[in-house]
């Protein structure tokens with residue numbers, strides 16, 4: 001998670017067991033208590049900060065909102081006053097790393113402008129680290145992930161291969177595989193499903209050979225989605241059965257919600273409309289529990305479309321009404337403003353403009 005970072009510690013480093021215990025204890029404290037007394041002194045020790053950052057990375061998929069708040073607080077702790085950390089470039093590294101973590105959490109929460117701001121904050125410090133090439137490559141990956149979420153498919157397909165090659169030259173195999181995910185998602189969204197499935201299968205094999213359980217599970221989750229879009233229920237279910245046990249063990253709540261979303265899509269594609277609605281709602285509930293409001297809103301639109309198929313127009317209107325304030329607040333689809341206005345107007349007339357509804361939810365990628 002730290003890009004192969006090797007820190008040069010002062011002569012008196014903390015014992016490893018104390019580092020892990022202290023990291024967990026500090027993150028368990030309310031923010032205002034972390035900067036008092038002995039804990040503040042410990043936070044100035046690089047090995048402890050490295051462990052804290054590792055913990056935050058581990059929790060991104062379980063509690064992105066909490067991770068975002070924790071990363072911001074620790075970033076400000078290091079930034080003002082300018083605390084000396086380590087002997088060399090450690091302060092710059094940790095400022096960049098905490099900003100990168102905060103930005104990644106914001107991306108998970110679809111707070112994209114805020115994510116971009118954090119990524120900009122990370123760039124300056126990373127430029128001054130001895131591992132600048134690796135650190136900036138990880139930052140480039142997150143920026144490219146935002147492009148994927150905004151459905152800039154051509155840009156992702158153009159920029160992903162050289163970034164993947166950069167990671168491979170740096171012997172950062174895990175990061176190279178993560179770039180492959182973006183390629184696979186862009187292929188999926190672009191309707192090139194056979195290519196996407198072939199790529200995700202290769203990622204599964206490579207991730208398993210590296211012992212990268214989280215990546216393997218995510219690849220199987222994406223296979224579930226791709227097979228579901230194809231209407232291949234047997235392979236979609238098989239892939240989900242590979243993903244779910246790992247995701248549960250790792251407490252990857254985002255991954256579990258996306259597998260549920262993918263299975264719902266498979267039910268929709270195979271004509272099981274009522275079951276698809278229930279499955280989408282289950283995914284929606286999971287996203288709601290971890291504060292991913294944008295995904296909840298996107299699923300409201302999909303559910304509304306299916307409710308119209310079931311003849312439940314009043315329920316469909318209510319689902320759209322719940323989605324629109326979040327879409328507008330988070331500025332989720334600036335390119336879809338015309339469809340948004342048409343949909344809002346139809347709701348005033350107590351109906352749903354279905355082409356506008358479908359156009360609007362078409363701007364949201366499936367379970368990325």
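A short reminder: the numbers here are calculations on the coordinates, not readings from a lab. Owing to the predicted nature of the structure, the values given are computational and were not obtained by experimental measurement. Cβ atoms come from the backbone with ideal geometry, glycine included; neighbour counts cover every protein chain shown.
Hey, any hits in the range 161-173 for a residue that's without any contact (Cβ under 8 Å) to a residue 12 or more places away in the chain and closer than 18 Å to residue 224 by Cβ? No - not one qualifying residue is present in the range 161-173.
This table checks each residue for (1) closer than 21 Å to residue 221 by Cα; (2) in contact with a strand residue (DSSP E or B) (Cβ under 9 Å, 6 or more places away or on another chain); (3) in contact (Cβ under 8 Å) with a residue 40 or more places away in the chain.
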| site | (1), (2), (3) |
| --- | --- |
| 258 | yes, no, yes |
| 287 | yes, no, no |
| 296 | yes, no, no |
| 301 | no, no, yes |
| 319 | no, no, no |
| 324 | no, no, no |
| 351 | no, no, no |
| 362 | yes, no, no |
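Counting the residues of the range 90-118 that are part of a helix (DSSP H, G or I) and within 13 Å of the chain's Cα centre (by Cα) gives 11. Of everything in the range 331-359 that is surrounded by fewer than 17 Cβ atoms within 10 Å (Cβ to Cβ) and assigned to a loop (DSSP other than H, G, I, E, B), the residue that is nearest to the chain's Cα centre (by Cα) is 331. Any residue in the range 182-205 that is in contact (Cβ under 8 Å) with a residue 24 or more places away in the chain sitting within a Cβ distance under 6 Å of a residue that is outside any helix (DSSP H, G or I) and surrounded by fewer than 17 Cβ atoms within 10 Å (Cβ to Cβ)? List the pairs, counting only those 6 or more apart or interchain. From the range 182-205, no pairs qualify. Could you check, for the range 313-326, whether at least one of its residues is touching a helix residue (DSSP H, G or I) at 6+ places or on another chain (Cβ under 6 Å), assigned to a helix (DSSP H, G or I) and closer than 24 Å to residue 232 by Cα? No, the range 313-326 contains no residue that is touching a helix residue (DSSP H, G or I) at 6+ places or on another chain (Cβ under 6 Å), assigned to a helix (DSSP H, G or I) and closer than 24 Å to residue 232 by Cα. A count restricted to the range 191-201 and to residues that are over 21 Å from the mean Cα position of the chain (by Cα) and in a helix (DSSP H, G or I) stands at 4.
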